[in-house]
Amino acid sequence: SGGMNNERYHSLEDIYHLVNKTSQEHPDMTKLILIGSSFEKNPLYVLKLSGRRGPVDKAMWMDCGIHAREWISPAFCIWFINYALTFYKEIPDITTLLDKMDIYILPVMNPDGYKYTWTTNRMWRKNRSVKEGSSCVGVDLNRNFDANWCTAGASSNPCSDIYCGQYPESEPEVQAVTKFLRSHKDSVKLYFSIHSYSQLLLFPYSYTLEQVPNHTELFELVQEASFKIRRHYRNIYRYGSGAKTIYLAPGGSDDWVYDQGIIYSFTFELQDRGRYGFLLPPNLINNACNEAFAGVKTIAMRVLEK
Amino acid sequence: EQDKVLSITAATLEQVSLLQNISRHNETVLWQPASPSHIAMNTPVHLYIQSSSVTRVTELLQTHGFSFSVLLDNTQNLIQEQTRNNTTDPK
(Lines give C-alpha, C1' and ligand atoms only; values in the text may rest on other atoms or scores of the structure.)
Protein backbone atom coordinates (compact mmCIF):
# COMPACT_ATOMS: atom_id res chain seq x y z
CA SER A 1 0.00 0.00 0.00
CA GLY A 2 1.01 3.57 -0.44
CA GLY A 3 3.74 2.89 -2.97
CA MET A 4 2.74 3.54 -6.56
CA ASN A 5 -0.39 5.60 -5.99
CA ASN A 6 -1.06 7.52 -9.19
CA GLU A 7 -3.50 9.94 -7.61
CA ARG A 8 -0.91 11.96 -5.77
CA TYR A 9 2.42 13.64 -6.37
CA HIS A 10 5.58 12.18 -4.87
CA SER A 11 8.20 14.04 -2.88
CA LEU A 12 11.83 13.63 -3.94
CA GLU A 13 12.47 11.22 -1.07
CA ASP A 14 9.43 9.18 -2.12
CA ILE A 15 10.68 9.04 -5.70
CA TYR A 16 14.13 7.81 -4.65
CA HIS A 17 12.45 5.21 -2.47
CA LEU A 18 10.08 4.08 -5.22
CA VAL A 19 12.82 3.79 -7.82
CA ASN A 20 15.07 1.82 -5.47
CA LYS A 21 12.22 -0.45 -4.39
CA THR A 22 11.20 -1.03 -8.00
CA SER A 23 14.69 -2.06 -9.01
CA GLN A 24 14.88 -4.49 -6.10
CA GLU A 25 11.47 -6.01 -6.77
CA HIS A 26 12.01 -6.41 -10.54
CA PRO A 27 15.67 -7.40 -10.96
CA ASP A 28 14.79 -9.30 -14.15
CA MET A 29 13.43 -6.20 -15.90
CA THR A 30 15.19 -3.23 -14.37
CA LYS A 31 18.61 -1.87 -13.66
CA LEU A 32 19.29 1.19 -11.54
CA ILE A 33 22.03 3.38 -12.98
CA LEU A 34 23.58 6.34 -11.17
CA ILE A 35 24.54 8.79 -13.90
CA GLY A 36 25.78 11.62 -11.69
CA SER A 37 24.65 14.04 -9.04
CA SER A 38 23.06 17.47 -8.87
CA PHE A 39 24.60 20.74 -7.71
CA GLU A 40 23.45 19.98 -4.15
CA LYS A 41 24.70 16.39 -4.53
CA ASN A 42 21.37 14.69 -4.85
CA PRO A 43 21.77 11.51 -6.92
CA LEU A 44 20.59 11.34 -10.54
CA TYR A 45 19.17 7.86 -10.97
CA VAL A 46 18.19 6.37 -14.32
CA LEU A 47 16.02 3.27 -14.31
CA LYS A 48 16.64 1.01 -17.28
CA LEU A 49 13.58 -1.02 -18.26
CA SER A 50 13.93 -4.12 -20.44
CA GLY A 51 11.69 -6.99 -21.47
CA ARG A 52 12.51 -10.51 -20.33
CA ARG A 53 14.66 -11.35 -23.38
CA GLY A 54 18.23 -11.20 -24.56
CA PRO A 55 20.12 -8.01 -25.33
CA VAL A 56 18.85 -5.66 -28.05
CA ASP A 57 20.65 -2.88 -29.89
CA LYS A 58 17.93 -0.22 -29.65
CA ALA A 59 16.98 2.06 -26.78
CA MET A 60 14.74 4.97 -25.90
CA TRP A 61 15.48 7.73 -23.40
CA MET A 62 12.93 9.69 -21.43
CA ASP A 63 13.70 12.43 -18.92
CA CYS A 64 11.26 14.15 -16.63
CA GLY A 65 11.44 17.09 -14.27
CA ILE A 66 13.93 19.39 -15.99
CA HIS A 67 11.85 22.27 -14.67
CA ALA A 68 11.19 22.05 -10.95
CA ARG A 69 7.60 23.28 -10.79
CA GLU A 70 6.30 21.01 -13.56
CA TRP A 71 5.21 18.29 -11.17
CA ILE A 72 3.15 16.29 -13.65
CA SER A 73 6.40 15.46 -15.45
CA PRO A 74 8.07 13.31 -12.73
CA ALA A 75 4.60 11.95 -11.97
CA PHE A 76 4.43 10.70 -15.56
CA CYS A 77 7.85 9.04 -15.41
CA ILE A 78 6.81 7.21 -12.23
CA TRP A 79 3.47 6.29 -13.83
CA PHE A 80 5.27 4.99 -16.94
CA ILE A 81 7.58 2.76 -14.88
CA ASN A 82 4.62 1.36 -12.97
CA TYR A 83 2.60 0.83 -16.17
CA ALA A 84 5.49 -0.93 -17.92
CA LEU A 85 6.19 -3.33 -15.08
CA THR A 86 2.52 -4.03 -14.35
CA PHE A 87 1.37 -4.64 -17.92
CA TYR A 88 4.40 -6.22 -19.58
CA LYS A 89 3.13 -9.46 -21.17
CA GLU A 90 -0.43 -8.35 -20.38
CA ILE A 91 -0.94 -5.49 -22.86
CA PRO A 92 0.55 -5.72 -26.37
CA ASP A 93 1.76 -2.12 -26.76
CA ILE A 94 4.09 -1.95 -23.77
CA THR A 95 5.14 -5.57 -24.32
CA THR A 96 6.25 -4.79 -27.87
CA LEU A 97 8.18 -1.72 -26.74
CA LEU A 98 10.01 -3.57 -23.98
CA ASP A 99 10.70 -6.61 -26.15
CA LYS A 100 12.27 -4.53 -28.89
CA MET A 101 14.17 -1.87 -27.01
CA ASP A 102 15.54 -0.81 -23.66
CA ILE A 103 13.96 2.24 -22.06
CA TYR A 104 16.08 4.58 -19.94
CA ILE A 105 14.04 6.74 -17.60
CA LEU A 106 15.34 9.67 -15.57
CA PRO A 107 12.39 10.53 -13.28
CA VAL A 108 13.79 13.80 -11.88
CA MET A 109 16.52 15.59 -13.78
CA ASN A 110 16.39 18.61 -11.46
CA PRO A 111 16.14 17.10 -7.96
CA ASP A 112 17.37 20.22 -6.13
CA GLY A 113 14.75 22.41 -7.77
CA TYR A 114 12.05 19.78 -7.29
CA LYS A 115 12.83 19.55 -3.58
CA TYR A 116 12.77 23.35 -3.34
CA THR A 117 9.25 23.42 -4.81
CA TRP A 118 8.12 21.00 -2.09
CA THR A 119 9.73 22.91 0.76
CA THR A 120 10.07 26.59 -0.07
CA ASN A 121 8.70 27.92 -3.35
CA ARG A 122 6.14 25.92 -5.35
CA MET A 123 6.75 28.08 -8.43
CA TRP A 124 10.52 27.55 -8.76
CA ARG A 125 11.67 26.61 -12.28
CA LYS A 126 15.48 26.39 -12.44
CA ASN A 127 18.02 24.26 -10.60
CA ARG A 128 19.60 25.59 -7.37
CA SER A 129 23.18 26.27 -8.36
CA VAL A 130 24.95 29.32 -6.98
CA LYS A 131 27.99 31.11 -8.35
CA GLU A 132 30.35 33.51 -6.67
CA GLY A 133 29.52 37.13 -7.43
CA SER A 134 25.80 36.65 -7.99
CA SER A 135 23.04 36.74 -5.43
CA CYS A 136 20.63 35.03 -7.83
CA VAL A 137 20.17 31.28 -7.75
CA GLY A 138 19.70 28.71 -10.45
CA VAL A 139 20.17 27.98 -14.13
CA ASP A 140 17.43 26.98 -16.55
CA LEU A 141 18.64 23.47 -17.42
CA ASN A 142 16.72 23.62 -20.69
CA ARG A 143 18.83 26.60 -21.77
CA ASN A 144 22.14 25.08 -20.65
CA PHE A 145 22.68 22.42 -23.35
CA ASP A 146 25.24 23.11 -26.07
CA ALA A 147 22.74 23.90 -28.81
CA ASN A 148 23.19 27.45 -30.11
CA TRP A 149 23.73 28.22 -26.44
CA CYS A 150 22.54 31.54 -24.95
CA THR A 151 21.40 33.19 -28.17
CA ALA A 152 17.98 34.83 -28.69
CA GLY A 153 15.38 33.23 -26.42
CA ALA A 154 17.72 32.70 -23.45
CA SER A 155 19.09 35.16 -20.92
CA SER A 156 22.59 35.80 -19.61
CA ASN A 157 21.07 37.44 -16.53
CA PRO A 158 21.49 35.06 -13.53
CA CYS A 159 18.24 36.37 -12.07
CA SER A 160 16.19 35.41 -15.12
CA ASP A 161 14.00 32.33 -15.20
CA ILE A 162 15.61 31.45 -18.55
CA TYR A 163 19.25 32.01 -17.45
CA CYS A 164 21.53 29.95 -19.68
CA GLY A 165 24.35 29.50 -17.12
CA GLN A 166 28.01 30.51 -17.22
CA TYR A 167 28.86 28.29 -20.19
CA PRO A 168 27.29 25.36 -22.07
CA GLU A 169 26.89 22.31 -19.82
CA SER A 170 28.00 24.32 -16.79
CA GLU A 171 25.41 22.49 -14.68
CA PRO A 172 26.17 19.03 -13.27
CA GLU A 173 22.65 17.81 -14.08
CA VAL A 174 23.14 18.65 -17.77
CA GLN A 175 26.66 17.20 -17.78
CA ALA A 176 25.39 13.92 -16.35
CA VAL A 177 22.74 13.56 -19.05
CA THR A 178 24.99 14.55 -21.95
CA LYS A 179 27.75 12.24 -20.75
CA PHE A 180 25.33 9.32 -20.56
CA LEU A 181 23.73 10.02 -23.93
CA ARG A 182 27.09 10.52 -25.66
CA SER A 183 28.21 7.13 -24.41
CA HIS A 184 24.92 5.49 -25.52
CA LYS A 185 24.55 7.33 -28.82
CA ASP A 186 24.77 4.15 -30.86
CA SER A 187 21.80 2.51 -29.16
CA VAL A 188 19.52 5.41 -28.23
CA LYS A 189 17.32 6.04 -31.28
CA LEU A 190 14.50 7.91 -29.63
CA TYR A 191 14.46 10.75 -27.10
CA PHE A 192 11.60 12.22 -25.07
CA SER A 193 11.74 15.11 -22.64
CA ILE A 194 8.60 15.58 -20.58
CA HIS A 195 7.50 19.04 -19.46
CA SER A 196 4.28 20.90 -18.65
CA TYR A 197 2.06 22.78 -19.27
CA SER A 198 0.00 23.81 -22.35
CA GLN A 199 -0.39 20.45 -24.13
CA LEU A 200 2.14 20.48 -26.92
CA LEU A 201 4.02 17.82 -28.88
CA LEU A 202 7.23 19.46 -30.04
CA PHE A 203 10.33 18.52 -32.01
CA PRO A 204 13.54 20.38 -33.04
CA TYR A 205 14.46 23.00 -33.65
CA SER A 206 13.74 25.41 -30.83
CA TYR A 207 16.98 27.37 -31.26
CA THR A 208 16.21 28.46 -34.81
CA LEU A 209 13.17 28.92 -37.02
CA GLU A 210 14.88 26.76 -39.64
CA GLN A 211 13.59 23.25 -40.21
CA VAL A 212 15.44 20.04 -39.41
CA PRO A 213 16.15 17.80 -42.44
CA ASN A 214 13.45 15.28 -41.45
CA HIS A 215 10.92 17.95 -40.45
CA THR A 216 8.08 16.37 -42.43
CA GLU A 217 8.71 12.97 -40.90
CA LEU A 218 8.72 14.35 -37.35
CA PHE A 219 5.69 16.50 -38.10
CA GLU A 220 3.74 13.45 -39.26
CA LEU A 221 4.75 11.53 -36.12
CA VAL A 222 3.50 14.20 -33.70
CA GLN A 223 0.43 14.75 -35.83
CA GLU A 224 -0.51 11.08 -35.54
CA ALA A 225 0.20 11.16 -31.79
CA SER A 226 -2.02 14.22 -31.40
CA PHE A 227 -4.84 12.57 -33.37
CA LYS A 228 -4.64 9.49 -31.16
CA ILE A 229 -4.83 11.58 -27.99
CA ARG A 230 -7.79 13.53 -29.35
CA ARG A 231 -9.63 10.39 -30.44
CA HIS A 232 -9.12 8.43 -27.22
CA TYR A 233 -9.02 11.17 -24.60
CA ARG A 234 -10.85 14.06 -26.30
CA ASN A 235 -8.04 16.42 -25.49
CA ILE A 236 -6.27 18.71 -27.92
CA TYR A 237 -2.47 18.73 -28.15
CA ARG A 238 -0.97 21.22 -30.61
CA TYR A 239 2.17 20.09 -32.41
CA GLY A 240 5.10 21.31 -34.47
CA SER A 241 8.69 22.44 -34.21
CA GLY A 242 9.52 24.23 -30.96
CA ALA A 243 10.53 27.63 -32.30
CA LYS A 244 7.54 27.93 -34.60
CA THR A 245 4.96 26.49 -32.21
CA ILE A 246 5.92 28.45 -29.09
CA TYR A 247 9.03 30.63 -29.21
CA LEU A 248 12.78 30.61 -29.78
CA ALA A 249 14.50 28.74 -26.97
CA PRO A 250 18.19 27.88 -27.48
CA GLY A 251 20.16 25.45 -25.32
CA GLY A 252 17.36 22.89 -25.07
CA SER A 253 17.88 19.19 -24.54
CA ASP A 254 15.90 18.00 -27.58
CA ASP A 255 17.86 20.22 -29.97
CA TRP A 256 21.19 19.06 -28.52
CA VAL A 257 20.11 15.44 -28.77
CA TYR A 258 19.02 15.95 -32.37
CA ASP A 259 22.35 17.51 -33.32
CA GLN A 260 24.10 14.51 -31.76
CA GLY A 261 22.43 12.38 -34.43
CA ILE A 262 19.44 11.09 -32.48
CA ILE A 263 16.96 12.30 -35.06
CA TYR A 264 13.79 11.15 -33.31
CA SER A 265 13.81 13.74 -30.56
CA PHE A 266 10.67 15.11 -28.92
CA THR A 267 9.53 17.38 -26.11
CA PHE A 268 6.04 16.91 -24.69
CA GLU A 269 4.24 19.57 -22.72
CA LEU A 270 1.59 17.76 -20.69
CA GLN A 271 -1.71 18.99 -19.20
CA ASP A 272 -3.20 21.44 -18.86
CA ARG A 273 -3.65 24.62 -20.87
CA GLY A 274 -3.93 27.11 -18.05
CA ARG A 275 -6.86 26.23 -15.83
CA TYR A 276 -4.55 24.68 -13.25
CA GLY A 277 -1.17 25.04 -14.95
CA PHE A 278 1.63 23.81 -12.72
CA LEU A 279 -0.93 23.08 -9.99
CA LEU A 280 -2.75 20.27 -11.78
CA PRO A 281 -4.88 18.59 -9.08
CA PRO A 282 -3.81 15.07 -8.08
CA ASN A 283 -7.06 13.51 -9.30
CA LEU A 284 -6.17 14.60 -12.85
CA ILE A 285 -2.73 12.95 -12.84
CA ASN A 286 -3.95 9.63 -14.17
CA ASN A 287 -5.72 11.10 -17.17
CA ALA A 288 -2.74 13.31 -18.00
CA CYS A 289 -0.46 10.27 -17.88
CA ASN A 290 -2.75 8.10 -19.98
CA GLU A 291 -2.88 10.62 -22.80
CA ALA A 292 0.87 11.31 -22.57
CA PHE A 293 1.49 7.59 -22.83
CA ALA A 294 -0.73 7.42 -25.90
CA GLY A 295 1.56 10.01 -27.50
CA VAL A 296 4.81 8.31 -26.47
CA LYS A 297 3.54 4.91 -27.55
CA THR A 298 2.31 6.10 -30.94
CA ILE A 299 5.65 7.69 -31.78
CA ALA A 300 7.76 4.87 -30.34
CA MET A 301 5.89 2.20 -32.31
CA ARG A 302 6.30 4.14 -35.55
CA VAL A 303 10.01 4.72 -34.91
CA LEU A 304 10.45 1.00 -34.23
CA GLU A 305 8.88 0.28 -37.63
CA LYS A 306 11.40 2.63 -39.20
CA GLU B 1 -7.03 37.98 -1.01
CA GLN B 2 -5.45 34.66 -1.99
CA ASP B 3 -2.57 33.98 -4.40
CA LYS B 4 -4.05 33.92 -7.88
CA VAL B 5 -3.19 33.14 -11.48
CA LEU B 6 -4.47 35.59 -14.08
CA SER B 7 -4.70 35.20 -17.84
CA ILE B 8 -3.90 38.59 -19.33
CA THR B 9 -3.88 39.64 -22.96
CA ALA B 10 -2.00 42.68 -24.19
CA ALA B 11 -3.64 44.39 -27.17
CA THR B 12 -1.04 47.09 -27.86
CA LEU B 13 2.75 47.38 -27.77
CA GLU B 14 2.40 49.74 -24.83
CA GLN B 15 0.45 47.08 -22.94
CA VAL B 16 3.10 44.48 -23.87
CA SER B 17 5.77 46.68 -22.35
CA LEU B 18 3.74 47.31 -19.20
CA LEU B 19 2.98 43.62 -18.80
CA GLN B 20 6.68 42.80 -19.17
CA ASN B 21 7.41 45.22 -16.33
CA ILE B 22 4.69 43.78 -14.10
CA SER B 23 5.86 40.21 -14.73
CA ARG B 24 9.43 41.12 -13.72
CA HIS B 25 8.13 42.20 -10.31
CA ASN B 26 9.26 39.75 -7.66
CA GLU B 27 5.79 39.20 -6.26
CA THR B 28 4.65 37.74 -9.55
CA VAL B 29 5.79 34.61 -11.36
CA LEU B 30 5.38 34.25 -15.08
CA TRP B 31 3.85 30.89 -15.91
CA GLN B 32 3.50 31.37 -19.59
CA PRO B 33 5.49 32.30 -21.61
CA ALA B 34 8.75 31.35 -19.86
CA SER B 35 10.18 34.86 -19.96
CA PRO B 36 8.91 38.47 -20.18
CA SER B 37 10.83 38.83 -23.46
CA HIS B 38 8.43 36.33 -25.05
CA ILE B 39 5.31 38.33 -24.18
CA ALA B 40 3.55 39.34 -27.38
CA MET B 41 0.37 41.10 -28.45
CA ASN B 42 -2.88 39.13 -28.48
CA THR B 43 -1.31 36.07 -26.83
CA PRO B 44 -2.57 35.14 -23.36
CA VAL B 45 -0.04 35.57 -20.58
CA HIS B 46 -0.47 33.48 -17.42
CA LEU B 47 0.79 35.30 -14.36
CA TYR B 48 0.92 34.03 -10.79
CA ILE B 49 0.44 36.85 -8.30
CA GLN B 50 1.10 36.70 -4.57
CA SER B 51 -1.81 37.64 -2.36
CA SER B 52 -0.17 40.84 -1.16
CA SER B 53 0.03 42.15 -4.74
CA VAL B 54 -3.30 40.99 -6.16
CA THR B 55 -5.18 44.23 -5.52
CA ARG B 56 -2.39 46.46 -6.77
CA VAL B 57 -1.79 44.43 -9.94
CA THR B 58 -5.46 44.04 -10.87
CA GLU B 59 -6.04 47.76 -10.35
CA LEU B 60 -3.06 48.49 -12.58
CA LEU B 61 -4.42 46.17 -15.26
CA GLN B 62 -7.87 47.77 -15.08
CA THR B 63 -6.42 51.28 -15.23
CA HIS B 64 -4.54 50.46 -18.42
CA GLY B 65 -7.46 48.72 -20.09
CA PHE B 66 -6.10 45.15 -20.13
CA SER B 67 -8.39 42.27 -20.88
CA PHE B 68 -7.87 39.64 -18.18
CA SER B 69 -9.57 36.78 -16.36
CA VAL B 70 -8.85 34.73 -13.24
CA LEU B 71 -7.53 31.28 -14.13
CA LEU B 72 -6.95 30.12 -10.58
CA ASP B 73 -8.62 31.90 -7.71
CA ASN B 74 -6.89 30.23 -4.78
CA THR B 75 -3.61 28.50 -5.45
CA GLN B 76 -2.95 27.76 -1.78
CA ASN B 77 -5.76 25.21 -1.65
CA LEU B 78 -4.28 23.31 -4.57
CA ILE B 79 -0.76 23.44 -3.15
CA GLN B 80 -1.98 22.07 0.16
CA GLU B 81 -3.85 19.32 -1.64
CA GLN B 82 -0.70 18.41 -3.55
CA THR B 83 1.71 18.34 -0.66
CA ARG B 84 -0.63 16.65 1.82
CA ASN B 85 1.28 13.77 3.34
CA ASN B 86 -1.11 10.91 2.67
CA THR B 87 1.42 8.19 2.16
CA THR B 88 0.94 5.03 4.19
CA ASP B 89 4.31 3.68 3.20
CA PRO B 90 6.16 3.01 6.46
CA LYS B 91 9.65 3.52 5.04
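The values are calculated or read from the model by the stated rules, or taken from the named source; none is laboratory data. Because the structure is predicted, anything quoted here is derived from the model rather than measured. Cβ: placed from backbone, ideal geometry, glycine included. Neighbour counts: every protein chain shown.
Scanning segment A:189-209 turns up no residue that is within 14 Å of chain B (Cβ to nearest Cβ), part of a helix (DSSP H, G or I) and either at pLDDT 95 or above or in contact with a Cys (Cβ under 6 Å, 6 or more places away or on another chain) (or both).
Okay, residues lined up against (1) free of Cβ contacts under 8 Å to residues at least 24 places away in the same chain; (2) buried (at least 20 other Cβ atoms within 10 Å of the Cβ); (3) touching a Lys or Arg at 6+ places or on another chain (Cβ under 7 Å); (4) under 30 Å from B:Ile79 (Cβ atoms):
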site	(1), (2), (3), (4)
A:His17	yes, no, yes, yes
A:Glu25	yes, no, no, no
A:Ser38	no, yes, no, yes
A:Gly51	no, yes, no, no
A:Cys64	no, yes, no, yes
A:His67	no, yes, yes, yes
A:Glu70	no, yes, no, yes
A:Ser73	no, yes, no, yes
A:Ile78	no, yes, no, yes
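Quick check: is even one residue across segment B:26-46 over 26 Å from A:Leu141 (Cβ atoms), β-branched (Val, Ile, Thr) and surrounded by 13 or more Cβ atoms within 10 Å (Cβ to Cβ)? No: segment B:26-46 contains no residue that is over 26 Å from A:Leu141 (Cβ atoms), β-branched (Val, Ile, Thr) and surrounded by 13 or more Cβ atoms within 10 Å (Cβ to Cβ). The residue pairs whose first member lies in segment B:20-37 and is closer than 9 Å to B:Tyr48 by Cα, whose second member is surrounded by fewer than 16 Cβ atoms within 10 Å (Cβ to Cβ), and whose beta carbons are closer than 7 Å, counting only pairs six or more residues apart or on different chains, are B:Glu27/B:Ser52.
Annotation note: Cβ proximity below 6 Å between a residue of segment B:64-79 that is part of a loop (DSSP other than H, G, I, E, B) and a residue that is of a type in the set (Lys, Arg) and exposed (fewer than 14 other Cβ atoms within 10 Å of the Cβ) (sequence gap 6+ or interchain) occurs for no pair.
In the set A:Lys100, A:Lys31, only one residue is surrounded by fewer than 18 Cβ atoms within 10 Å (Cβ to Cβ) and in contact with a Leu (Cβ under 7 Å, 6 or more places away or on another chain); that residue is A:Lys100.
Within segment A:276-306, the set of residues being in a loop (DSSP other than H, G, I, E, B) and crowded, with 16+ Cβ neighbours inside 10 Å comprises A:Tyr276, A:Leu280.
Filtered by the rule that a residue be under 30 Å from B:Thr83 (Cα atoms), within 9 Å of chain B (Cβ to nearest Cβ) and touching a Leu at 6+ places or on another chain (Cβ under 9 Å), segment A:241-281 gives A:Gly274, A:Arg275, A:Tyr276, A:Gly277, A:Leu279, A:Leu280, A:Pro281. The residue pairs whose first member lies in segment A:132-149 and is over 26 Å from A:Gly261 (Cα atoms), whose second member is part of a loop (DSSP other than H, G, I, E, B) and among the aliphatic types (A, V, I, L, M), and whose beta carbons are closer than 9 Å, counting only pairs six or more residues apart or on different chains, are A:Cys136/A:Val130; A:Val137/A:Val130; A:Gly138/A:Ala68; A:Gly138/A:Val130. State all residues of segment A:50-76 that are among the β-branched types (Val, Ile, Thr) and either in a loop (DSSP other than H, G, I, E, B) or over 19 Å from the mean Cα position of the chain (by Cα) (or both); if no residue qualifies, say none. A:Val56, A:Ile66, listed by residue number. Every condition in (1) surrounded by fewer than 24 Cβ atoms within 10 Å (Cβ to Cβ); (2) modelled with pLDDT of 95 or more holds for A:Gly133 except the one numbered (2).
When segment B:4-33 is filtered for residues that are more than 9 Å from the chain's Cα centre (by Cα) and within 15 Å of B:Val54 (Cβ to Cβ), the ones remaining, listed by number, are B:Ile22, B:His25, B:Asn26, B:Glu27. Considering only residues that are of a type in the set (A, V, I, L, M, F, W, C) and in contact with a Pro (Cβ under 6 Å, 6 or more places away or on another chain), which ones fall in segment A:94-124? A:Val108, the sole residue that qualifies.
Among the residues here, A:Glu90 does not qualify as touching a residue at least 60 places away in the same chain (Cβ under 8 Å) and part of a loop (DSSP other than H, G, I, E, B).
Matching residues to (1) charged (D, E, K, R); (2) within 12 Å of chain A (Cβ to nearest Cβ); (3) assigned to a helix (DSSP H, G or I):
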{"residue": "B:Val5", "(1), (2), (3)": "no, yes, no"}
{"residue": "B:Glu14", "(1), (2), (3)": "yes, no, yes"}
{"residue": "B:Asn26", "(1), (2), (3)": "no, yes, no"}
{"residue": "B:Ala34", "(1), (2), (3)": "no, yes, no"}
{"residue": "B:Asn42", "(1), (2), (3)": "no, no, no"}
{"residue": "B:Thr55", "(1), (2), (3)": "no, no, yes"}
{"residue": "B:Thr58", "(1), (2), (3)": "no, no, yes"}
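The residues on offer are A:Phe203, A:Phe180, and the sole one that is of a type in the set (Phe, Trp, Tyr), buried (at least 18 other Cβ atoms within 10 Å of the Cβ) and out of contact with any helix residue (DSSP H, G or I) (no Cβ under 8 Å at 6 or more places or on another chain) is A:Phe180. Being away from chain B (no Cβ under 14 Å) and touching a Gly at 6+ places or on another chain (Cβ under 9 Å): is that true of A:Lys228 here? So A:Lys228 fits the description; yes.
For segment A:32-49, a residue qualifies if it is part of a strand (DSSP E or B) and more than 18 Å from A:Tyr83 (Cβ to Cβ), and the qualifying residues are A:Leu32, A:Ile33, A:Leu34, A:Ile35, A:Gly36, A:Ser37, A:Pro43, A:Leu44, A:Tyr45. Scanning segment A:96-145 for residues that are of a type in the set (Ser, Thr, Tyr) and either out of contact with any Lys or Arg (no Cβ under 8 Å at 6 or more places or on another chain) or in a loop (DSSP other than H, G, I, E, B) (or both) gives A:Thr96, A:Tyr114, A:Thr119, A:Thr120, A:Ser129, A:Ser134, A:Ser135.
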